[in-house]
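Chemist: Before anything else, here's the structure in question.
No lab work stands behind these numbers, since they all come straight from the coordinates. Not measured: the values here are computed from a predicted model. Neighbour counts run over all protein chains shown; Cβ positions are idealised from the backbone, glycine included.
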Amino acid sequence: MSVPAAKAAEGLAVMSAQVTSSMARALEPRLAGIMEQRGWSRPIPFDAFKASSQGFELFLSGRSREDYEKAVDLFARAYSLDSTEFNALFEMAIIEQSLEEWARADSLLARTNALRPHMSVDQTYFLDFLIARNRGDHRAAYDFARRAADRWPGAVWEYDAGYHALSSAQPALAARTMSALSLSDFPANNARRRSRLALATRK
């Protein structure tokens, strides 16, 4: 199918309201790397994809707690539009963890864990990573992230592995894990990640 760029959204919606990862890469190149590195490629309804992509953008560019709370609402909308879109639940948990709302994240992860029988292997893997991180088990979270980085190379998992190595008092391991990363891998407004990278690698 060929449609003008301005009509891309309508053209995708016509195709049974399904969006594939290749179309997502074409429409949202900035977000595609994150989706790719997390191993997400399942088609989802267009409206759910749109809400998720808006949530991603707001979370990545957010400058306030209010921005992050709005991102949670967008991911909640994505899940309401497609109850099999477990990745939206994962993102909600990640944001709650970023806000250090551990109890809210724990409640959300418990709800998500109940859906485990309906998840893919990759999704259960990511869920276990988030659960380990939420309970403060940095060594287990490192192991999950390191294996994921080997499977899906890139800044997303390499940072997570390095962060959890640093948090489990393994600074040398953190430095090696993050050695290929640079401050340019993260938005200027993401001061927390940039400062952790600088701490681990002295960059």
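Chemist: Quick query: amide H of residue 44 versus all other amide H atoms, modeled in the peptide plane; which residues come in under 5 Å with a sequence gap of 5 or more or a different chain?
Modeler: Distant-sequence amide H within range of residue 44: 19.
Chemist: Applying the Karplus parametrisation 6.51 cos²θ - 1.76 cosθ + 1.60 with θ = phi - 60° to the phi angles of the range 142-147, what ³J(HN,Hα) value in whole Hz is obtained for each residue in order, glycine and proline being reported as x?
Modeler: 4, 4, 4, 5, 5, 5
Chemist: Can you tell me the FRET efficiency between residue 172 and residue 47 if r is taken as the Cβ-Cβ distance and R0 is 35 Å, rounded to the nearest 0.05?
Modeler: Computed FRET efficiency for residue 172 and residue 47 comes out at 0.15.
Chemist: Give me the distance between the Cα centres of the range 40-108 and the range 131-152, rounded to whole Å.
Modeler: First find each Cα centre; the distance between them is then 20 Å.
Chemist: How much FRET efficiency would the formula 1/(1 + (r/R0)^6) give for residue 116 and residue 57, where r is the Cβ-Cβ distance and R0 is 30 Å, rounded to 0.05?
Modeler: 0.55
Chemist: Another question, then. Among 44-53, 172-181, what's the highest-first ranking by average C-beta atoms within 10 angstrom per residue?
Modeler: 44-53, 172-181
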